[in-house]
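Novice: If you scroll down you'll find the structure; I have some questions about it.
The values are calculated or read from the model by the stated rules, or taken from the named source; none is laboratory data. Keep in mind the model is a prediction, meaning the values are calculated, not measured. No Cβ is skipped: glycine too gets one built from the backbone with ideal geometry, and neighbour counts run over all protein chains shown. Side chains are part of the model used for accessible areas, which takes the heavy atoms of the whole protein and leaves out ligands, DNA and RNA. Shrake-Rupley method; radii C 1.70, N 1.55, O 1.52, S 1.80 Å.
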Amino acid sequence: MPRLTLAQRSNFLPLTAWGYSLWRERSLTLLGGQPFPLWREARLFLGHCRPQPGEYWLDVGTSAGFYAGVLAGAGCRVTATDLSPAMLRSAQRRVQGPQIEWAQINSETLPAPWHGAFDGVTIGATLNETADPAALLRSAVLALRPGGQLWLMYLQNTGGSMQRRLVHPAFGGLTFPAPAWIGAQLPGMSLEMGVTFGAVRFEQWVRLTYT
């Protein structure tokens with residue numbers, strides 16, 4: 001088993017997987033400081049990335065399967081990954097469709113055949129929970145074909161006392177990156193859009209056809 005944060009290990013619990021979808025529906029409203037239901041997040045993603053039918057997308061850390069479902073609804077083929085079998089079972093119950101393939105994997109290191117295979121990659125709050133967010137971002141870039149899109153949703157560093165506590169390994173081992181740090185991890189990528197709502201940050205990146 002690779003090194004995991006406490007937050008990652010908690011995701012293996014069936015109770016966590018069961019309750020996560022309820023949290024996911026409300027979390028951005030609580031953390032963003034304004035009403036932010038899932039339909040608004042989906043509209044933001046679809047409006048900027050415009051996934052097309054037949055495209056092949058990778059949903060990293062799918063959790064409750066939100067982005068996998070949005071992509072499947074747009075006619076895309078999707079590989080949805082998660083480290084937790086409990087999360088994958090929960091996602092499969094909530095989001096169904098023959099165009100979605102589910103895979104239990106630590107996406108900090110992706111299989112070589114996946115390199116350059118995807119038109120787009122989505123990463124939700126998994127970026128905050130993973131033990132090595134830099135490795136996760138490197139893997140996402142490797143997975144993209146030239147011109148492919150990377151969509152990020154994460155909680156950025158606000159300097160708050162609660163965040164400082166949650167960074168401690170005993171309280172979750174979370175990471176709250178700054179947008180500048182994210183950019184430094186993505187050579188060969190172009191930032192097309194970045195918008196912040198409270199602590200919540202959305203970014204759209206495109207892999208350049210040259211480096």
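Novice: So which of 121, 141 ends up being more than 21 Å from residue 12 (Cβ to Cβ), part of a helix (DSSP H, G or I), among the aliphatic types (A, V, I, L, M) and in contact with a strand residue (DSSP E or B) (Cβ under 8 Å, 6 or more places away or on another chain)?
Specialist: None of the other options fit; the residue is 141.
Novice: Hey, another quick one. Conditions: (1) among the aromatic types (Phe, Trp, Tyr); (2) part of a strand (DSSP E or B); (3) open to solvent by less than 40 Å² (accessible area, probe 1.4 Å). Residue 67 meets all but one. Number of the miss?
Specialist: Evaluating residue 67 over (1) among the aromatic types (Phe, Trp, Tyr); (2) part of a strand (DSSP E or B); (3) open to solvent by less than 40 Å² (accessible area, probe 1.4 Å) leaves (2) as the failure.
Residue by residue, here is whether (1) outside any strand (DSSP E or B); (2) loosely packed, with under 13 Cβ neighbours inside 10 Å; (3) of a type in the set (A, V, I, L, M, F, W, C) holds:
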{"site": "146", "(1), (2), (3)": "no, yes, no"}
{"site": "150", "(1), (2), (3)": "no, no, yes"}
{"site": "154", "(1), (2), (3)": "no, no, no"}
{"site": "165", "(1), (2), (3)": "yes, yes, no"}
{"site": "173", "(1), (2), (3)": "yes, no, no"}
{"site": "180", "(1), (2), (3)": "yes, yes, yes"}
{"site": "191", "(1), (2), (3)": "no, no, yes"}
{"site": "202", "(1), (2), (3)": "no, no, yes"}
{"site": "205", "(1), (2), (3)": "no, no, yes"}
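Novice: Can you confirm whether residue 41 is open to solvent by less than 80 Å² (accessible area, probe 1.4 Å), part of a helix (DSSP H, G or I), under 28 Å from residue 190 (Cα atoms) and touching a Leu at 6+ places or on another chain (Cβ under 7 Å)?
Specialist: Yes.
Novice: Same structure, new question: Return the total of residues in the stretch 48-64 being within 21 Å of residue 116 (Cα to Cα) and outside any strand (DSSP E or B).
Specialist: First pass over the stretch 48-64, keeping only residues within 21 Å of residue 116 (Cα to Cα): 49-62.
The next check asks that each one be outside any strand (DSSP E or B); those that pass are 49-55, 61-62.
The number of residues fulfilling the criteria is 9.
Novice: Among 129, 101, 55, which is the only one that is open to solvent by 10 Å² or more (accessible area, probe 1.4 Å), in contact (Cβ under 8 Å) with a residue 12 or more places away in the chain and closer than 22 Å to residue 197 by Cα?
Specialist: On inspection, the qualifying residue turns out to be 129.
Novice: Which members of the stretch 23-61 meet the condition of being under 18 Å from residue 95 (Cα atoms) and hydroxyl-bearing (Ser, Thr, Tyr)?
Specialist: 56 - this is the single residue of the stretch 23-61 that is under 18 Å from residue 95 (Cα atoms) and hydroxyl-bearing (Ser, Thr, Tyr).
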